[in-house]
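The values are calculated or read from the model by the stated rules, or taken from the named source; none is laboratory data. Since this is a predicted model, take the numbers as computed values, not measurements. With ideal geometry, Cβ positions are generated from the backbone for all residues, glycine too; neighbour counts draw on all protein chains shown.
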Amino acid sequence: MKLRLLSMVCFGLLFGTAVSQTTDLARIEYLHIPFSNSNNSIDRYRALVQAPIPLQVGSGQFLVIGLEYRNHQINIGEPVPFDPNVVKSIQNMEAYLGYTFKLNEDWRLGFKGGIRIASNLEHKIMSDDIIYLAAAYAILDKKNDKEEKPYRWIIGLNYSTTPGRSYPLPLINYYREFHPQWTYTLGVPKTNIRHYINTSKKDAFQAFVTLDNFFGNIQDNIVIQGNPVVAENISMTNVLTGIGYEHYFTEHLLLYVYGAHTIYNEFRLRDNNRETAYIIDDANSFYLRTGLKFKF
């Protein structure tokens, strides 16, 4: 029960914080997970665009339009009691609208509402494919403070209609620069420590612990022989630790490569109450993610 509760919280926090914390204006990314003890693997292709639109010059008020697409290619190479082609491709498409404004010199408030389609999309979009999103958060940003070590707080609440979770989850993230070439971040989905290896800050290494996952509705539910739980969706939750390298072409454009190994892996078919219908893979494995992003 405790493990199930942990996975639910991790799942919710990851999806709740992924958008709220990001400062990316654009990103393209590739992920590969070759499961260590099987012939299973996952490839993910991701693209993200966020467009902040100033509502009034100098007011600090922005309308933010966001679009994100994730394509999960799932290769199940082991024998399973269902047709693996049913879940070989999971699509995630998200659109959201945000509003943010300065409360005072240090604090900024933000609100977001959106919609996500998460499904294997064997047929046309149906109601179970759609997830609604809402978030409210506050940011205390002292990253450009020259009188003390720069830092930033993000706190808030996130809510989504993801099956199995009917309550909002808290968001908290703390960033600190404790040396001209060292920073750390504490929070969910990622905690890390970063070291810039040159004074120009063109290159950096980091060590991190993070969460990653996906969720998709199965339009034609799967019945597993001998199990009364009907598979209504497919999901994966990983807790992983690793190292990464970042190269900054400019102050805002960078290439990143992360290599990691999972310390908790949960990849399975479930019903909408998060009861397990079938465990596809739960062995820890390697994890590789790389991409380009443009951030402010």
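Remarks
- Pairing residues of segment 258-282 that are within 23 Å of ALA207 (Cβ to Cβ) with residues that are crowded, with 19+ Cβ neighbours inside 10 Å and among the charged types (D, E, K, R), at Cβ distances under 8 Å and at least 6 apart in sequence or on separate chains, gives TYR258/ARG289; ALA260/ARG289; ASN265/ASP281.
- ILE115 being assigned to a strand (DSSP E or B), within 30 Å of ILE224 (Cα to Cα) and either at pLDDT 95 or above or of a type in the set (A, V, I, L, M) (or both): no
- Here GLU266 meets the list (1) surrounded by 14 or more Cβ atoms within 10 Å (Cβ to Cβ); (2) out of contact with any helix residue (DSSP H, G or I) (no Cβ under 8 Å at 6 or more places or on another chain); (3) acidic (Asp, Glu) almost entirely, failing just condition (2).
- Among the residues of segment 102-124, the one identified as basic (Lys, Arg) and free of Cβ contacts under 8 Å to residues at least 12 places away in the same chain is LYS124.
Each row is one residue, and each column tells you yes or no for (1) assigned to a strand (DSSP E or B); (2) touching a helix residue (DSSP H, G or I) at 6+ places or on another chain (Cβ under 9 Å); (3) under 29 Å from ILE193 (Cα atoms).
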residue	(1), (2), (3)
MET93	yes, no, no
TYR96	yes, yes, no
LEU109	yes, no, yes
GLU122	no, yes, no
ILE125	no, no, no
LEU140	yes, no, yes
ILE155	yes, no, yes
ARG165	no, yes, no
TYR175	yes, no, yes
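- Within segment 227-238, being surrounded by fewer than 19 Cβ atoms within 10 Å (Cβ to Cβ) and in contact (Cβ under 8 Å) with a residue 24 or more places away in the chain holds for ASN227, VAL229, VAL230.
- Index of the failed condition, VAL209 passing every other in (1) surrounded by 14 or more Cβ atoms within 10 Å (Cβ to Cβ); (2) among the hydrophobic types (A, V, I, L, M, F, W, C); (3) out of contact with any Ser or Thr (no Cβ under 8 Å at 6 or more places or on another chain); (4) over 19 Å from ASN71 (Cβ atoms): (3)
- From the list ASP141, ASP129, the lone residue that is modelled with pLDDT of 90 or more and either over 30 Å from GLY259 (Cβ atoms) or of a type in the set (D, E, K, R) (or both) is ASP129.
- Residue ID - nearest to VAL49 (Cα to Cα), chosen from residues in segment 250-296 that are out of contact with any strand residue (DSSP E or B) (no Cβ under 7 Å at 6 or more places or on another chain) and of a type outside the set (Val, Ile, Thr): GLU251
- Boolean, ALA118 is in contact with a helix residue (DSSP H, G or I) (Cβ under 6 Å, 6 or more places away or on another chain), surrounded by 17 or more Cβ atoms within 10 Å (Cβ to Cβ) and under 20 Å from LEU67 (Cα atoms): no
- Taken as a whole, the structure leaves PHE214 outside the set of residues that are out of contact with any Cys (no Cβ under 6 Å at 6 or more places or on another chain) and surrounded by fewer than 16 Cβ atoms within 10 Å (Cβ to Cβ).
- Residue within segment 239-259 that is buried (at least 19 other Cβ atoms within 10 Å of the Cβ) and modelled with pLDDT under 95 present: no
- Residue match in segment 7-21 (condition: at pLDDT 95 or above and on the phi < 0 side of the Ramachandran plot): no
- Looking across segment 187-209, the residues that are within 19 Å of GLU266 (Cα to Cα) and at pLDDT below 95 come down to VAL188, PRO189, LYS190.
- Some residue of segment 130-144 being more than 24 Å from GLN61 (Cβ to Cβ) and surrounded by 15 or more Cβ atoms within 10 Å (Cβ to Cβ): yes
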